[in-house]
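K.L.:
I have a structure here, written as structure tokens, and I will follow up with some questions on it.
Nothing in this text is a laboratory measurement; each read-out follows from the coordinates by a stated rule. Note that the structure is predicted; figures quoted are calculated from it, not measured. Glycine gets a Cβ as well: all are built from the backbone with ideal geometry, and neighbour counts include every protein chain shown.
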Amino acid sequence: MRARARGRGEAPSADRVHKVLAAAGLGSRREIERWIREGRLRLNGSVPTLGAKLARGDRVTLDGRAVHWRPDAGGESHVLLYHRSPGDALDLKAASSRAAEHLRLPGSTGRWLAVQPMPPVDGGLEILSDDGTWVQRISRGAHALEVDYLLRVRGRLNDALLAEFLAATENDGEAIAILGATAQYGEGSNHWLSVTARATRSAPVRHWWAARGVIVSRLMRVRFGPIRLMRELPRGRSRAMTSTEREALLGEIAAAGAPAQRPAAE
């Protein structure tokens, strides 16, 4: 059957429903496909097929509530570097403008998503994007990147403990890979510790020291691959990631052999 000709002034079709909405930050493609199968997501009042496409002006609802999407959601994504204060939860799952406003994030037609967010108790560098597909690409390759943490510790800290920490391969059953650890011994019981790790979350680092009587009173992520948290970005503030920084991030993931290539069209 011949495809229907596009009428004069009709907007060109966008991509498939699950792909566009995932890029807008609504959820993962698999999750959106599940919503379609469950009848929760509707396109112009009807449940779409899994292969349905969006066109400019289409109305999308999820559980009866309007969903805002961009016709160009598959194009250039918006990426932010955000300096989060320890204890300030990065609560973006509610997809509410109030949550973004609380974090002083710029407005977006989608929802801000975080690449491997730090636990609420910790802080430092967070990478956010309103493009769910981009976040998934970076998250898949993030295990290959080196990450720097800055810890303020309280308690016994000496060269023997540092050597044990560097040799550690797991904590409470979770694998850790510590590439470097440098202590800056301060006055009294408080010290600063710089840690370089790969494929290691902040939580097992904190717990490793706590199990040895050294309390981590502050933990900050200060580098994520080639992206560093600079002094020019104060706490609670964000800035756009430059194209050079994006290329460097993708380049480092690719150089490490991680699967960060663009997903094949579905």
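K.L.:
I want the local charge near residue 38. Using Cβ-Cβ distances under 12 Å, sum +1 for each Lys or Arg and -1 for each Asp or Glu among the other residues.
P.N.:
+1
K.L.:
In whole Hz, with x marking every Gly and Pro, tabulate ³J(HN,Hα) for region 142-152 from phi via Karplus 6.51 cos²θ - 1.76 cosθ + 1.60, θ = phi - 60°.
P.N.:
Once θ is set to phi - 60°, the couplings for region 142-152 become 5, 5, 8, 8, 7, 10, 9, 10, 10, 10, 9 Hz.
K.L.:
Residue by residue, what Karplus-based ³J(HN,Hα) values in Hz, rounded to whole numbers, does region 129-135 have, using 6.51, -1.76 and 1.60 with θ = phi - 60° and x for Gly and Pro?
P.N.:
Computed from phi, the couplings for region 129-135 are 8, 9, 10, x, 5, 5, 4 Hz.
K.L.:
Also, quick follow-up: Would you kindly derive the ³J(HN,Hα) couplings of region 223-237 from the backbone phi angles with the Karplus curve 6.51 cos²θ - 1.76 cosθ + 1.60 (θ = phi - 60°), listing them in order in whole Hz, with x for Gly and Pro?
P.N.:
Here the 3J(HN,Hα) series is 8, 10, x, x, 9, 10, 7, 9, 4, 5, 10, x, 4, x, 10 Hz.
K.L.:
Hey, rough spin-label estimate for residue 166 and residue 143, points 7 angstrom out along Cα→Cβ, what's it come to in nanometres?
P.N.:
2.6 nm
K.L.:
Which GluC sites (Glu not before Pro) in region 169-227 pass both tests, a DSSP loop state and at most 16 other beta-carbon atoms within 10 Å?
P.N.:
Here the sparse-neighbourhood loop sites are 187.
K.L.:
If you don't mind, another one. Taking only C-alpha pairs under 8 Å that are 6+ residues apart, what is the relative contact order of region 121-230 in percent?
P.N.:
Relative contact order comes out at 40 percent.
K.L.:
So how far, in whole Å, is the C-alpha centre of region 186-223 from the one of region 228-255?
P.N.:
A separation of 23 Å, based on Cα centres.
K.L.:
Quick check on region 13-67: take the gyration tensor over C-alpha atoms, sort the square-rooted eigenvalues as a ≥ b ≥ c, and tell me if it's rounded (a/c under 1.5), prolate or oblate.
P.N.:
rounded
K.L.:
Once amide H atoms are placed 1.01 Å from N in the peptide plane, what residues at a sequence separation of 5 or more from residue 146, or on another chain, have their amide H within under 5 Å of its amide H?
P.N.:
HN-HN under 5 Å from residue 146: 225.
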